[in-house]
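Following: one structure in structure tokens, then a few remarks.
The values are calculated or read from the model by the stated rules, or taken from the named source; none is laboratory data. Treat the numbers as computed from the prediction; the structure is a model and nothing was measured. Every residue, glycine among them, receives a Cβ derived from its backbone with ideal geometry; neighbour counts consider all protein chains shown. Just so you know, the surface numbers come from the protein's heavy atoms only, side chains and all, with ligands and any DNA or RNA stripped out. Shrake-Rupley method; radii C 1.70, N 1.55, O 1.52, S 1.80 Å.
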Amino acid sequence: MAISRRAFGLGLLGLGVAGTGAYLALRDRPELQGLLGNRTELFGFIGGEKEAFLADPDVARMVGSYGLELDPRVAGSVEMVREPALLSQNPQFLWPSSSIMVDMARRNGVRIRRDDVVLNSPIVVYTWGPVVAGLIKTGLVTSTMDGIQQLDLKALLDAILDGADWSALGVDALYGRSRIVSTDPGRSNSGFMFAGLVLSLLAGDVPNATALAEFGDKTQAIFRNMGLKSSSSGKLFEQYLAGGLGAAPMIVGYENQLVEWILADPQRWARIQASASAHPAVLYPRPTVFSAHPLITIDPAADRLLEALTTPKLQELAWTRHGFRGPLGTITGNVETAVGGLLPAEIASVLPMPAADVMLSLVDRIGA
Amino acid sequence: MPVLKSLAVAALALVALALAGCDRGSLKSFSFAAGSENTVLQPLVETFCKQRNTTCTFSYEGSLDIGLALQSAEGVAADAVWPASSVWIDLFDTGRKVKDLTSIAQMPVVLGVRKSKAAELGWIGKDVLMADILAAVKDKRLGFLMTSATQSNSGASAYLAMLSSALGGKAVIEPGDLDDPAVRGTVQALLRGVTRSAGSSGWLADLYVEAARSGAGYDAMWNYEAVLKETNDRLRPLAQEPLYAIYPADGVAVADSPLGFIDHGKGPATEKFFTELLAYLQSSEVQKQIAATGRRLPFSSDAIAAAPEPDWNFDPSRVVTAIRLPEPAVIRQALDLYQGALRKPSLSALCLDFSGSMQGDGEQQLQAAMRFLLTPQEASQVLVQWSPDDRIIVLPFDGGVRGGFEATGDAEAQAALLAEVVDEQANGGTDMYACASDALRRIAAAPDRADHLPAILILTDGRSEGDAQAFLDQWRRVEPHVPVFGITFGDADKTQLDALAAATSARVFDGRGDLAGAFRAARGYN
């Protein structure tokens, strides 16, 4: 492709004055840069949950029309903004999964040109049909008018801290203590965000250093309860799907993960819906936190990537095929698409994340 | 990731079709380091290798050995690792050498109990808790086979489930919990139920079947649900009663059988072979064959789980409550605790060949191996340290037994033993039977032998003089029977050791490449 476009670009040049005029016109239109054949390869780190989005051939084509070819490598959001081993590789952009990471990147001396939130995805809880049925009985889960299931996360955390059995939460299919598992907050963003959410809920407000001193132990207890924690949100989601109800009853993830998995193979989903075994289910914690996905540009060439990713066309693809919401948490494109039936159009009740200082101390405490 | 994989699977299926029947760019060879429970899946993989004209080789190792190798400076030589559980990769792959780790199947580790024994214990059709198993062990109504928790995933899984249960229903084992004397006491009491240990789940199942065939049967065995199915499928034609599956209701550990790629920089063809193999293993047709072995598949698979067999309580569609595995540091502490304190202590007699043919290299390597085995700081790095409750007998021999040294597994006692061995020099003839006979006499005379797992370990480099028959006659009179393991050395003729091991339900380890490694492997069985 690249070669033929280059030939095409050279051909344009050969057309003389008119051609040169066309060339100049094209040069000023970033979305047509690719036609000129001068593709720039961009190397950067991305959170694993966006890997499938960037690998989507249609996304690659549109990014290509901006004259860009991406070489994205997966790394944990927390590590990509602070690990010397990663930063020393001179990434041209970073695409972590939380706005706090912009602040952390700056503190670690990353020379940031621009940083804009490109996508949003709320933190959700993935579980299984029999767990949802039990939690509805005990009032921890309620359904909204449009059929979205909301989880009283504070009540669940209190139950876990009290050592409540699954049966006390109405879940008879599982034996032993109730639990929820996230990724390692020191490495992966979904666990990091969940840590902030837990501390906020326990403190009853967006926590400051005083609240951390008071509720840090309880937050640590929730994470101790998880045992072995995965280093990436993608891995944890796969463990959830592979392990099923018995091995992975409840995990923390991004809203887009299940929907992306469903859209990747609709037939598989239809088969699961028809089967008698426990079905995966998504619960929206009330309140939840939004995982923003800010693109941090370091190299001037990466600015063009920012423009590409915020175009309506790419925003629509992000939503309809991968379940990501736009910069303000809203959706671009038709609500009545396949994804529209699976996800709520709006997320009510969103908490801001605690400040970066508080989060860093919290993560250190959990890891201690 | 899941989407990527599904896309890749679809794309690769097409590629696979396109390439079928033409061996353009085929890869010469590809190697696996796998847990023994995967033996049954080897033919499926080999079908794929044949399609590609690629020679596939398998080396079967304990999951912990695969983990330890990943952690070592040399790393793993194989192109792919396939241990029983991803926990060992999480724990040991600190250099992140393993790529594309993908779960192939799920296998809970459960207790199979001879059906008449299960009926006698009142466990048929009942929820059985770990506390019920403990009570049966304490009343001396139940003993079981279980692999070594420091070598094999099934043993480690059973052990971690025991620890979880002993905590009285906490969600997970936390740092500090293992210091609780009550927890230690409970688990130690449970592990007194071990009648034989092993380094491999596959070998343990063979031992159970062989013993049942010879009429000497065991009561029970901790193993994977799918291995119990294989075992029962072998017991049926022998007209032996099946193992009844007990899923401790307070939680079992579930192995996820992950297959991962190790990039040795051999080029894209090797990695491509691996991704295509993954796609093949996840294809509908192959998933059906994997399900037929009794393995549980991801719920999204369209393969139907193997049919329930209520006769022995088998149902791979039934939800089992899994224990939550603890943090890496806690697992490591638990393993040290197992090896150094909680496991059933061993009563080991080591017959060391100091005959003339061992002069030079042989002698030096034997001395080095003994230094490794009797130096706690070295042995504990690969989790084969002795516990103070162990009893060690060292018998250097040539044409006869030169003398015997007995000690506990206490660090000072080990040092004293080692001091005796370093003075030995190679010289004279070879009679391993004379040594085995002396070892057996000493084991039979040990006052607390019922509280120990007894074994004789013969290390030799060659053909032995002496009388096998006389030894075996003596062996039959000592109950419970003592397995006689062999470690070969130099240009050893294995025939005699093999015969001895077969007659005593033991096995022979090859010490020619790595003598210390062979000792480590042998320790898993004792």
| Hey, can you rank B:84-90, B:381-387, B:123-129 by average C-beta count inside 10 Å, highest first? | B:84-90, B:381-387, B:123-129
| query | Quick one: which of B:322-331, A:346-355 comes out on top by average Cβ neighbours within 10 Å, and what's the full order, highest first? | reply | B:322-331, A:346-355
| Rough spin-label spacing in nm, given labels placed 7 Å along Cα→Cβ, for residue A:138 and residue A:106 | 4.3
| task | Check the straight Cα-Cα distances from residue A:137 and name the lysines below 25 Å, setting aside those fewer than 8 residues away within the same chain. | result | A:154, B:170
| message | Per-residue Cβ counts within 10 Å, from other chains only, averaged over B:315-325: what number is that? | response | 5
| query | Under a plain spin-label model, where a point goes 7 Å from the Cα along Cα-to-Cβ, how far apart in nm are residue A:276 and residue A:357? | reply | 6.0
| query | Which entries of B:229/B:288; B:99/B:288; A:235/B:288; B:99/B:266; B:344/B:494; B:115/B:344 show an alpha-carbon separation above 19 angstrom in the structure shown? | reply | B:99/B:288; A:235/B:288; B:344/B:494; B:115/B:344
| Solvent-accessible surface (1.4 angstrom probe) belonging to residue A:271, in square angstrom, nearest 10 | 100
| query | How much length, in nm to one decimal, is gained on full extension between residue B:450 and residue B:120, taken as 0.36 nm per residue of separation minus their Cα-Cα distance? | reply | 116.4 nm
| Near residue B:140, which aspartates and glutamates are there with a Cα under 14 Å away, not counting those fewer than 8 places off in the same chain? | B:120, B:132, B:219, B:451
| task | Please arrange B:256, A:172 by accessible surface area, largest first, computed with a 1.4 Å probe and ligands excluded. | result | A:172, B:256
| task | Would you kindly compute the Cα radius of gyration of segment B:345-523 and its largest Cα-Cα separation (Dmax), both in Å? | result | 14.7, 40
| field | With DNA, RNA and ligands ignored, accessible area of residue B:264 (1.4 Å probe; Å², nearest 10) | value | 80
| message | Limiting things to C-alpha atoms, what are the Rg and the maximum Cα-Cα separation (Dmax) for the protein assembly as shown, in angstroms? | response | 30.4, 106
| In whole Å, what is the distance between the alpha-carbon centres of segment B:317-338 and segment B:373-400? | 28
| message | Sort B:390-396, B:280-286 by packing, meaning the average of other beta carbons within 10 Å per residue, with the highest value first. | response | B:390-396, B:280-286
| task | With +1 on each Lys and Arg Cβ and -1 on each Asp and Glu Cβ, and nothing else charged, work out how big the dipole of the protein assembly as shown is about its Cα centre, in Debye to the nearest 20. | result | 1700
| remark: Percent relative contact order for segment A:115-192, counting Cα pairs under 8 Å at least six residues apart, stands at 23
| note | Mean per-residue count of partner chain Cβ within 10 Å for A:245-253 equals 4
| said: What does the structure give for A:231-238 when I average, per residue, the other chain Cβ atoms found within 10 Å of the residue Cβ? | reply: 3
| Rounded to the nearest 5, what % of the DSSP beta bridges within the protein assembly as shown are antiparallel ones? | 50
| request: Quick one: compute the contact order of chain B, relative version, from alpha carbon pairs under 8 angstrom and 6+ residues apart, as a percent. | output: 15
| task | Pop the C-beta distance of residue A:348 and residue A:71 into the FRET formula with R0 = 41 Å and round what comes out to the nearest 0.05. | result | 0.60
| remark: Computed, not fitted: 222 nm per-residue ellipticity of chain B from DSSP H runs ≥ 4 (each -39500 (n - 2.57)), nearest 500, equal to -12000 deg cm²/dmol
| query | Can you pull the accessible area of residue A:310 for me, 1.4 Å probe, Å² to the nearest 10? | reply | 60
| query | Taking a ≥ b ≥ c as the square roots of the eigenvalues of the Cα gyration tensor of chain A, is the shape rounded (a/c under 1.5), prolate (a/b larger than b/c) or oblate? | reply | prolate
| Mean ellipticity per residue at 222 nm, deg cm²/dmol - from DSSP H runs of n ≥ 4 across chain A, formula -39500 (n - 2.57) | -13500 deg cm²/dmol
| said: Can you say what percent of the DSSP beta bridges in chain B, counting only those with both residues inside, are antiparallel? Round to 5. | reply: 40
| request: Give me the distance in nm between label points sitting 7 Å out from Cα along the Cα-to-Cβ direction at residue B:73 and residue A:41, one decimal. | output: 3.5
